Amino acid sequence: MSILKLRPSCKDYLWGGRRLIEEYGKEYEGEVLAETWELSCHPAGPSFIANGKYAGKTLQQFIETEGKEVLGKNCRRFRDFPILTKFIDARDNLSIQVHPDNRYALKNEGGYGKTEMWYVMDAGEDAFLYYGFKKEISTEEFAERIEKDTLLEVLNAVPVQKGDVLFIESGTIHAIGKNILIAEIQQNSNVTYRVYDYGRVGKDGKKRDLHIEKALAVTNCIPIVRGKTCNPHIASCDYFTVDKSNLDGEVMSRMIGRIGEESFASLLIMEGEGRIACGSEILPYQKGDSFFLPAGSGEYEIIGTCQALVTTMGEKAGERYARVS
């Protein structure tokens, strides 16, 4: 099988909305849908196969049955499936948070850290993200501002619009602001340290846990330097390489790619509709769909209208960077 259509796990975090249900066709019966984990082998939210002989099985079960060769040669350096992709609907502000690097996470959490990339699919008027600090501060000042509830005063608020890309390396304090829809490509990790949560309470009526001590240990208390480029990719690092495909249906209505032995490919459809073909298989796609193409699948073709993120595993990059719009 050369094309696997995936069905996501759904998350109903309190800050979520309903756009993923109403606009992206996600099947979910709850009132709030914050995230869909579209490509995932994480036990907290696996993705499931929707077509063919593996229908109903998890992506992890497919890999275990077919062998790690379906991931490609560039994935041999990873112990586990390397990435997790999501759609995120932030109706309200997310918590101010930070993710540890691999070394700290493996020692303290028994798993990998998290570096991630955000592609802004839509943003309301005056929408912004928190991304690092305005200025360098000491760990002591960081702790004091958390205690005195003045942390937001030193965070870097970045206005965003549709099409913007931000790269969030582990150790970077950050948060998605309200009224933003995002596609996220990240390391296969669910380790998040909350620093500030606006005093909100969860379903149990209690304030959600904060992780101050761990956040103090892993946060880089400096402004983010954004000067590097990664053309022709929109993001490239040790953990993933991301490209964007655009088909307007008129000037460009067909795209041909190739899946070699080096890496699988993940296709995340953000806009459009049409069909995808690989070998003898042809599947329709629409806005919100997610596909996995195993390594060695050969030539594939996308026909129709389309805005999609194509994620592969490159060779070890040595540096981490992304295009900044």
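Okay, here's what the table says:
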{"read-out": "Selection within segment 45-79 - in a loop (DSSP other than H, G, I, E, B) and surrounded by fewer than 15 Cβ atoms within 10 Å (Cβ to Cβ)", "value": "A55, G56, G67, R76, R77, R79"}
{"read-out": "Pair list, Cβ < 7 Å and 6+ apart or interchain, from segment 151-174 residues that are basic (K, R) to residues that are open to solvent by 20 Å² or more (accessible area, probe 1.4 Å)", "value": "K162/D122; K162/A123"}
{"read-out": "Subset tally (residues that are open to solvent by 30 Å² or more (accessible area, probe 1.4 Å) and touching a residue at least 12 places away in the same chain (Cβ under 8 Å)) for segment 96-122", "value": "7"}
{"read-out": "Members of segment 26-44 found to be of a type outside the set (K, R) and either open to solvent by 20 Å² or more (accessible area, probe 1.4 Å) or assigned to a loop (DSSP other than H, G, I, E, B) (or both), listed by number", "value": "E27, Y28, E29, G30, E31, V32, A34, S40, C41, H42, P43, A44"}
{"read-out": "Selection within segment 5-25 - of a type outside the set (F, W, Y), part of a loop (DSSP other than H, G, I, E, B) and buried (at least 19 other Cβ atoms within 10 Å of the Cβ)", "value": "P8"}
{"read-out": "Looking only at segment 175-204, and only at residues there that are without any contact (Cβ under 8 Å) to a residue 40 or more places away in the chain and out of contact with any Lys or Arg (no Cβ under 6 Å at 6 or more places or on another chain), the one that is least open to solvent (accessible area, probe 1.4 Å)", "value": "G199"}
{"read-out": "Residue check, K207 open to solvent by 40 Å² or more (accessible area, probe 1.4 Å) and closer than 30 Å to E23 by Cα", "value": "no"}
{"read-out": "Those residues of segment 28-66 which are at pLDDT 95 or above and either closer than 18 Å to A90 by Cα or acidic (D, E) (or both), in sequence order", "value": "Y28, V32, L33, A34, E35, T36, W37, E38, E64, E66"}
{"read-out": "A143 being of a type in the set (A, V, I, L, M), open to solvent by 10 Å² or more (accessible area, probe 1.4 Å) and either modelled with pLDDT of 95 or more or closer than 30 Å to D164 by Cβ (or both)", "value": "yes"}
{"read-out": "Tally of residues being closer than 15 Å to Y130 by Cβ, of a type in the set (D, E, K, R) and assigned to a strand (DSSP E or B) across segment 160-214", "value": "1"}
{"read-out": "Selection within segment 283-311 - assigned to a strand (DSSP E or B), under 20 Å from F62 (Cα atoms) and not polar (S, T, N, Q)", "value": "L283, F291, F292, L293, G298"}
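The values are calculated or read from the model by the stated rules, or taken from the named source; none is laboratory data. Nothing here was measured: the structure is a model prediction, and the numbers come from that model. When we count neighbours, we look across all protein chains shown, and the Cβ atoms used for this are built from the backbone with ideal geometry, even at glycine. Only protein heavy atoms, including side chains, enter the accessible area calculation; ligands, DNA and RNA are left aside. Shrake-Rupley method; radii C 1.70, N 1.55, O 1.52, S 1.80 Å.
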